[in-house]
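The values are calculated or read from the model by the stated rules, or taken from the named source; none is laboratory data. Model, not experiment: these values are computed from the prediction. Ideal geometry is used to build each Cβ from the backbone, glycine not excepted, and the neighbour counts take in all protein chains shown. Remember, those area values only see protein heavy atoms, side chains included, never the ligands or the DNA or RNA. Shrake-Rupley method; radii C 1.70, N 1.55, O 1.52, S 1.80 Å.
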Amino acid sequence: MKSRIQFHLVHVMALCAVLGLLVVGAISLAGTGLAQSKSPANTFNRLLKSPTTAKNAPPAEDGVHDPQNPGTTMLQWPSEAFTEFDKSSDGNQVDWMSILRAGKISPWFEFESQTTEPFLFDLVIVREVKGSMPNVVFPHEAHTQWLDCSNCHDEIFIPEKGANQISMAAILLGQKCGVCHGRVAFPVTDCRRCHAQPKTPEELRALAEKSNWAKTSNTSTDQTAAPDKK
Amino acid sequence: MLGRRTIVRLSLVVAYVLIAVLCVTSLFNDNEAKAEYGDVVINNYSDAAGMRPVVFPHWFHRIRFRCKVCHADLGFKFKAGGNDINMLKIFDGQFCGRCHNNSIAWGVENCVLCHSGVPNMKTRVHNSTSDRLVAPVAK
């Protein structure tokens, strides 16, 4: 009798488990299929890739490491290594420059010697940018914290101010600054870290005056430069 | 009596299998976005030789070494798959073998720590800005 009750209990529990699973399955299906459940053609984020990115995922869940591989669970989780680090909003979610400057990491600069100090070069190059975007500030100092002159000169950049043609298209294709930025150094989405020197009000006004908009609109040029000032 | 018991057992087994399947599918959902930024998969030879592709984590190494160490002192070119690395060279102390020699870091006999990738992945750096572009770049 007792064993019979126990048996029924097990049966009920098993049923509950299966029902629960069906519910969970339905919810997760609904979750992934929610966008499609209305009309697949007219959704938000039709093209946007993965708006909900898992950040610093553990190796076994990052889609690159094979969870079946016996070594995978021994690898470090990025989030464990990064707990004390200053955050940034993209890439590794780490501000590598500020943790280096704060001494939170002290990576070797030379293979033969752990104690060699980096050879820093304090030359800032400002690149004037076409249009309204702030000018690009290239700091040699920050780069020589990590890199050798030979990493950039002469293969990526001729060492002469203005001698190199650089454009956003080239960078997005992985050339020029895009050899590193967008792959290992902070990503291209972080516009303001490169475009760091805003145009002066005069420059912006001159830009507006030259525009087709200024030519075709009836307002005076003064108003076009600062439309909200009457 | 015994028959019903087996049914219960079976349904439990089914339940666990379902749980496993759900977990696995949730793992493989939207993989690319989850790869750590800068992880390089190297697979010029591995798949063909029956090994999992190699995954090289930039974030882990740059905590310990500046870019210069590998890309100037040790001569790694800035190109995923562009260094024609193989096991003989590593074993002879080149490339990864300059450090993975049981002196600076654990040695080459720990195959599964490097050959840890999902089979058949292409050689490339992961989660790059280019990967995440919605539209192609026009000049």
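Counting the residues of the range A:129-166 that are among the small types (Gly, Ala, Ser) and at the interface with chain B (Cβ under 8 Å from one of its Cβ atoms) gives 1. Residues in the range A:89-103 that are surrounded by 13 or more Cβ atoms within 10 Å (Cβ to Cβ) and at positive phi: A:GLY91, A:GLN93.
Among the residues of the range B:74-89, count how many are at negative phi and either out of contact with any Lys or Arg (no Cβ under 9 Å at 6 or more places or on another chain) or among the polar types (S, T, N, Q) (or both). The number of residues fulfilling the criteria is 10.
For the range B:88-104, the set of residues classified as assigned to a loop (DSSP other than H, G, I, E, B) and open to solvent by 30 Å² or more (accessible area, probe 1.4 Å) consists of B:ASP92, B:GLN94, B:ASN101, B:ASN102, B:SER103, B:ILE104, listed by residue number.
Looking across the range A:92-101 at every residue that is within 10 Å of chain B (Cβ to nearest Cβ) and touching a strand residue (DSSP E or B) at 6+ places or on another chain (Cβ under 8 Å), the one that is farthest from A:CYS149 (Cα to Cα) is identified as A:GLN93.
For every residue, the table says whether it meets (1) of a type in the set (A, V, I, L, M, F, W, C); (2) under 14 Å from B:TYR37 (Cβ atoms); (3) facing chain B (nearest Cβ under 7 Å).
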site	(1), (2), (3)
A:PRO58	no, no, no
A:GLY63	no, yes, yes
A:ASP66	no, no, yes
A:THR73	no, no, no
A:GLU80	no, no, no
A:SER88	no, yes, no
A:GLY103	no, no, no
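For B:TYR37, the criteria (1) open to solvent by 40 Å² or more (accessible area, probe 1.4 Å); (2) within 25 Å of A:SER89 (Cα to Cα) hold in every case but one, which is (1).
Taking the numbered list (1) surrounded by 15 or more Cβ atoms within 10 Å (Cβ to Cβ); (2) in contact (Cβ under 8 Å) with a residue 60 or more places away in the chain in turn, A:TRP108 passes all entries but (2).
Could you check the range B:43-63 and list, in sequence order, the residues that are more than 22 Å from A:TRP146 (Cα to Cα), open to solvent by 40 Å² or more (accessible area, probe 1.4 Å) and not in a loop (DSSP other than H, G, I, E, B)?
Of everything in the range B:43-63, those that are more than 22 Å from A:TRP146 (Cα to Cα), open to solvent by 40 Å² or more (accessible area, probe 1.4 Å) and not in a loop (DSSP other than H, G, I, E, B) turn out to be B:ASP47, B:ALA48, B:ALA49.
Screening the range A:171-187 for residues that are of a type in the set (A, V, I, L, M, F, W, C) and more than 8 Å from chain B (Cβ to nearest Cβ) and picking the one that is farthest from A:TRP96 (Cα to Cα) gives A:ILE171. Inside the range B:105-136, residues that are among the β-branched types (Val, Ile, Thr), open to solvent by 40 Å² or more (accessible area, probe 1.4 Å) and at the interface with another protein chain (Cβ under 9 Å from one of its Cβ atoms) make up a count of 2. State yes or no: is A:ALA17 surrounded by 13 or more Cβ atoms within 10 Å (Cβ to Cβ), among the small types (Gly, Ala, Ser) and modelled with pLDDT of 95 or more? The answer is no for A:ALA17. Residues that are open to solvent by less than 70 Å² (accessible area, probe 1.4 Å), outside any loop (DSSP other than H, G, I, E, B), of a type in the set (A, V, I, L, M) and more than 7 Å from every other protein chain (Cβ to nearest Cβ) are absent from the range B:64-83.
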